[in-house]
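Participant: Okay, handing you the structure first.
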Amino acid sequence: MMQETIFNGSSAVPAEIVAALRHLIRRARTTIVLRGVCAVSAVAIGSILTVMAVDASVTLFSPWARWMLSGIAYLLTLAAAGWFLIRPFARSFTLAGMARIIESRHPEMQERISSVVEILTSQDIPELRGSEALIQALTQEAIRDALIMKPKQEVTRRAAAPFLIAVACLGVVVAALFLYVPRQTAFLLARAAAPFVNLPNVYATDLTVTPGDIVVGEGTRVQVLVSVAKHSVTTARLRKSGDDGKEVVE
């Protein structure tokens, strides 16, 4: 005897068909989530690494430059989240829609499953739906099609594989940076992720400046001594704000 369940509160659809299609829908949604999370993570990590590379190679004195670079990284991440996560879930997954997707790959099914779902969930009067005997025969064939479907083959994880590989490769890069230059990497990461924090340039960690942060009276002579471990450094420039607010370099 054919088991039935209630769908949309109006018509009976065989439980075998409902279970198979809902399994496919759940697998499709989890695949979208996996693909989206990997894609967003890859964009986020890649963007932050790019900001860190620019910050390490170019001395950024202006805070606006840091804000701009970090802002671009965050905007790219948000755009990736909208494209790979929000946009796919804007479409609703219906039983008939999932059936049509599967049947487009299997012409031999002759659209039996989607036809059964649409007929049995139709609000039309029985006279317009057609012969009950033909509907029952079509339903039996659709049940056989639903039972032979293999969700792992119909909805694969291949769409998420490139992004998963990208995340893994970027994770290796981050791990290698923390392994070989942990202090500089953590410093650059903090500057890239939080541009609002008043952190000095990454090269400031290699400097020893005396007397440091002090308050002196106007006209008082101040001697600034800078010690740097790199013997290749032979010159220094002092950047200060003038009385008119403009930056002066000596």
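Participant: So how do Ser41, Ser241 rank on accessible area, 1.4 Å probe, biggest first, that is with the largest at the start? Can you show the working numbers first?
Facilitator: Values: Ser41 45, Ser241 95 Å².
Ranked list, largest accessible area first: Ser241, Ser41.
Participant: Can you return the aspartates and glutamates within cross-link range of Lys230? Criterion is Cα-Cα under 12 Å, with same-chain partners fewer than 8 residues away left out.
Facilitator: Straight-line reach from Lys230, under 12 Å: Asp206.
Participant: Name all residues of region 25-63 having a backbone nitrogen under 18 Å from the label point set 7 Å from the Cα of Lys246 along its Cα→Cβ direction, giving them as ranges.
Facilitator: 62
Participant: A follow-up question, please. From the helices alone, meaning DSSP H stretches of at least four residues, give me the mean residue ellipticity at 222 nm for the chain, per-run term -39500 (n - 2.57), in deg cm²/dmol to the nearest 500. Before the final figure, lay out each step's value.
Facilitator: Details: 9 runs with 139 residues, N = 250.
Dividing the helical sum by the residues of the chain leaves -18500 deg cm²/dmol.
Participant: Send over a whole-number figure in Å² for the accessible area per residue of region 99-250, probe 1.4 Å. If you can, show how the numbers build up before the last one.
Facilitator: On the way: 10950 Å² over 152 residues.
Accessible surface, normalised per residue, equals 72 Å².
Participant: Please give, to one decimal in nm, the separation of the simple spin-label points placed at Thr94 and Leu147, each 7 Å out from Cα toward the Cβ.
Facilitator: About 2.8 nm, to one decimal.
Participant: Right, here's the next one. How big is the charge dipole of region 176-250 about its Cα centre, in debye rounded to the nearest 20, if each Lys and Arg gets +1 on its Cβ and each Asp and Glu gets -1 on its Cβ? Walk me through the numbers on the way to the answer.
Facilitator: Details: 8 positive and 7 negative charges, 61 e Å.
Using Cβ point charges on Lys, Arg, Asp and Glu, region 176-250 gives about 300 debye.
Participant: A further question follows. How far apart, in nm, are two points set 7 Å out from the Cα along the Cα-to-Cβ line at Ala190 and at Glu132?
Facilitator: Between Ala190 and Glu132, the label points sit 7.7 nm apart.
Participant: Another one. What accessible area, in Å² to the nearest ten, does a 1.4 Å probe give for Lys150?
Facilitator: 120
Participant: I would also like to ask the following. Could you give each residue of region 69-83 its phi-based ³J(HN,Hα) in whole Hz, using Karplus coefficients 6.51, -1.76, 1.60 with θ = phi - 60°, and x for Gly or Pro?
Facilitator: Karplus values, whole Hz, x for Gly and Pro: 5, 5, x, 4, 4, 5, 5, 4, 5, 5, 5, 5, 5, x, 7.
Participant: Here's another thing I want to ask about it. Given R₀ = 35 Å, what would the calculated FRET efficiency be for Ser232 paired with Leu199, taking r from the Cβ atoms and rounding to 0.05? Numbers along the way, then the final one.
Facilitator: On the way: r = 24 Å, r/R0 = 0.69.
The calculated FRET efficiency here is 0.90.
Participant: Could you give the nm distance between label points at Arg26 and Asp213, where each point is 7 Å from its Cα heading toward the beta carbon?
Facilitator: About 5.6 nm separates the two model spin labels.
Participant: Here's something else I'd like to know. Arrange the residues Asp145, Asp206, Asp213, Asp244 by how much accessible surface each exposes, largest first, with a 1.4 angstrom probe. Walk me through the numbers on the way to the answer.
Facilitator: Values: Asp145 15, Asp206 45, Asp213 155, Asp244 110 Å².
The ordering from most to least exposed comes out as Asp213, Asp244, Asp206, Asp145.
Participant: Can you pull the percent of the chain's accessible area that's carbon plus sulfur, 1.4 Å probe, other chains left in place? List each step's numbers first, then the result.
Facilitator: Details: 10240 of 16370 Å².
Percent of accessible area from carbon and sulfur atoms in the chain: 63.
Participant: Rank by packing, highest mean first: peptides 31-40, 80-89, 188-197, 224-233, with packing defined as the count of other Cβ atoms within 10 Å averaged across residues.
Facilitator: Values: 31-40: 19.1, 80-89: 15.2, 188-197: 16.7, 224-233: 9.1.
Most protected by this proxy first, the peptides run 31-40, 188-197, 80-89, 224-233.
The values are calculated or read from the model by the stated rules, or taken from the named source; none is laboratory data. Here the structure is a predicted model, which means the values were calculated and not measured. For neighbour counting, all protein chains shown are included, and Cβ atoms are generated from backbone atoms with ideal geometry for every residue, glycine included. Side chains are part of the model used for accessible areas, which takes the heavy atoms of the whole protein and leaves out ligands, DNA and RNA. Shrake-Rupley method; radii C 1.70, N 1.55, O 1.52, S 1.80 Å.
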